[in-house]
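Notes to accompany the following structure.
The values are calculated or read from the model by the stated rules, or taken from the named source; none is laboratory data. Quantities reported herein were computed from a predicted structural model and do not represent experimental measurements. All Cβ positions, glycine included, derive from the backbone under ideal geometry; neighbour counts span all protein chains shown. Surface accessibility is based on the protein's heavy atoms, side chains included, excluding ligands, DNA and RNA. Shrake-Rupley method; radii C 1.70, N 1.55, O 1.52, S 1.80 Å.
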Amino acid sequence: PHFKAIGELLFPAILSSTVGQIHIYVDMFFTSSISEGAWTAIGYANRIFQFPVGILVTAFLVPLFPIFARLAAENRLDDIRNYFNKGVGVLFFAAIPIIIGIITVGQDGVRLVYERGAFDATATFMVSEALWFLSVSIIPYVFRDSITRVYYSFNDSATPFVVAFSSVILKLLLNWLLIIKLGFGIGGITLSTSLVTLFNAIILGILISKKITMNYKSLFKNLLKMIVSGIITFVACWFCAVEFDKLVQLPMIPFEILKICLIAIICIGVYLPLNLAFKMEYAGELFNRLSARFSRK
């Protein structure tokens with residue numbers, strides 16, 4: 001009986017992992033109608049994207065899932081809601097500066113990592129374009145993977161599979177619209193990926209009410225504060241990046257590194273105080289922990 005129960009849980013989860021491969025084949029089909037090297041550019045962009053997102057999401061969700069499972073087994077629903085909102089909120093808080101960094105200095109990062117030999121300035125722009133549109137999927141990506149763990153904690157892997165499989169049709173439609181009809185090019189492929197991720201996150205967030213009534217109010221209230229802080233931070237970072245390029249017009253490795261570090265410092269220096277000013281609770285907790293640590297030293 002236990003083996004059967006585990007099999008019923010694992011089988012849809014295994015099938016869900018194959019849906020991503022179907023998306024890849026769909027993207028390959030539409031990418032063949034774009035410029036030469038488009039699929040390679042998307043692959044490089046995805047590698048860069050997965051570096052911060054993989055660290056951010058995977059590292060956090062690995063310890064969070066057993067907590068959800070234990071709380072679900074003990075029927076402590078309020079604790080599940082609290083842990084989910086706090087966990088996802090912290091991930092949102094960390095994700096927004098990553099998005100800002102990708103948009104403002106993503107092209108510099110691609111140039112620094114890849115541009116040498118046959119990988120020229122055109123290739124750098126192609127990868128950067130794919131990366132820009134892909135970066136906006138971080139927020140729904142975080143929510144989708146987090147809420148999926150809640151489903152698994154209630155021994156429900158079928159619902160995430162059905163939602164993921166239905167998104168294949170949406171992926172086809174979006175690729176057709178953005179690539180064939182609107183001519184978005186490489187950006188259309190990664191933009192459709194971001195929109196599909198958003199679709200999955202919304203549907204899973206709604207359907208979880210069959211298992212547990214989630215309290216998203218505080219989560220999205222804090223997210224709104226983060227977005228407002230992020231927009232102001234983005235404007236500051238973008239202005240500084242443009243002025244840096246005017247001052248230093250040589251795309252040399254030391255200057256690329258200096259620019260990325262400078263924008264990172266400005267981003268944190270503006271984003272964190274703004275969230276503190278808006279009384280965003282995660283920023284307050286982070287500031288208090290850092291203050292306590294430095295005061296001990």
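How much of the accessible area of the chain, probe 1.4 Å, is carbon plus sulfur, in whole percent?
Details: 11150 of 15900 Å².
Answer for the chain is 70 percent, counting heavy atoms of protein chains only.
Assign one of three labels to the chain, namely rounded, prolate or oblate, based on the Cα gyration tensor with a ≥ b ≥ c the square roots of its eigenvalues; rounded applies when a/c is under 1.5, prolate when it is not and a/b is larger than b/c, and oblate otherwise.
Working: a/c = 2.17, a/b = 1.18, b/c = 1.84.
Oblate, since a/c reaches 1.5 and b/c is not below a/b.
Which distance in nm do the two modelled labels at Arg70 and Lys279 give, with both placed 7 Å along the Cα-to-Cβ direction?
About 3.3 nm separates the two model spin labels.
Considering only the other residues whose Cβ falls under 12 Å of the Cβ of Leu262, what net charge follows from Lys and Arg at +1 and Asp and Glu at -1? Before the final figure, lay out the partial values.
Working: positive: Lys259; negative: Asp108, Glu243, Asp245, Glu256.
Net of charged neighbours comes to -3.
Does segment 86-139 come out rounded, prolate or oblate by the C-alpha gyration tensor, with a ≥ b ≥ c the root eigenvalues, rounded set by a/c under 1.5 and, if not, prolate when a/b is larger than b/c and oblate if not? Show your work: numbers first, answer last.
Details: a/c = 3.69, a/b = 2.84, b/c = 1.30.
It comes out prolate by the Cα gyration axes.
Given the Cα-Cα distance of Lys210 and Ala292 and 0.36 nm per residue of separation, how much length would full extension add, in nm?
Here the segment from Lys210 to Ala292 would lengthen by 25.3 nm.
What nm value, rounded to one decimal, do you get for the distance between Ile257 and Ile227 when each label is placed 7 Å out toward the C-beta?
3.8
Sorted by mean Cβ packing within 10 Å, highest first, what order do the peptides 38-51, 164-177 take?
So the peptides 38-51, 164-177, ranked by packing, come out 38-51, 164-177.
So what's the back-of-envelope 222 nm ellipticity for the chain, counting only DSSP H runs of four-plus at -39500 (n - 2.57) apiece and dividing by all residues, rounded to 500?
The per-residue figure over the chain is -28500 deg cm²/dmol.
Find how much the distance from Val242 to Asp78 grows on full extension, using 0.36 nm per residue of separation minus their present alpha carbon separation; answer in nm with one decimal.
Taking 0.36 nm per residue and subtracting the Cα distance, the gain is 54.3 nm.
By the gyration tensor of its Cα atoms, with a ≥ b ≥ c the square roots of the eigenvalues, what is the shape of segment 65-204: rounded for a/c under 1.5, prolate for a/b over b/c, or oblate?
Oblate.
Just the accessible area per residue of the chain, please: how many Å² with a 1.4 Å probe?
54
Please give the peptides 119-125, 148-154 ranked by average Cβ packing (other Cβ atoms within 10 Å per residue), highest first, as a rough proxy for protection.
Packing order, densest peptide first, comes out as 148-154, 119-125.
Taking a quarter of the surface of the convex hull around the Cα atoms of segment 46-145, what do you get in nm²? Intermediate values should be presented prior to the final figure.
Details: hull surface 26.4 nm².
So the Cα hull casts an average projection of 6.6 nm².
7 Å from Cα along Cα→Cβ at both Ser32 and Thr58: what's the point-to-point distance in nm?
3.1
Just to confirm a number: summing +1 for Lys and Arg and -1 for Asp and Glu over residues other than Thr148 whose beta-carbon lies under 13 angstrom from that of Thr148, what do you get? Walk me through the intermediate numbers first.
Values: positive: Arg144, Arg149, Lys211; negative: Asp145, Asp156.
Residues close to Thr148 contribute a combined charge of +1.
Please give every one of the lysines within straight-line cross-link reach of Lys221, meaning a C-alpha to C-alpha distance under 25 Å, and leave out same-chain neighbours fewer than 8 residues apart.
Cα-Cα hits under 25 Å: Lys86, Lys210, Lys211, Lys279.
Given the Cα-Cα distance of Leu182 and Ala264 and 0.36 nm per residue of separation, how much length would full extension add, in nm?
Once the chain is fully extended between Leu182 and Ala264, it gains 26.1 nm.
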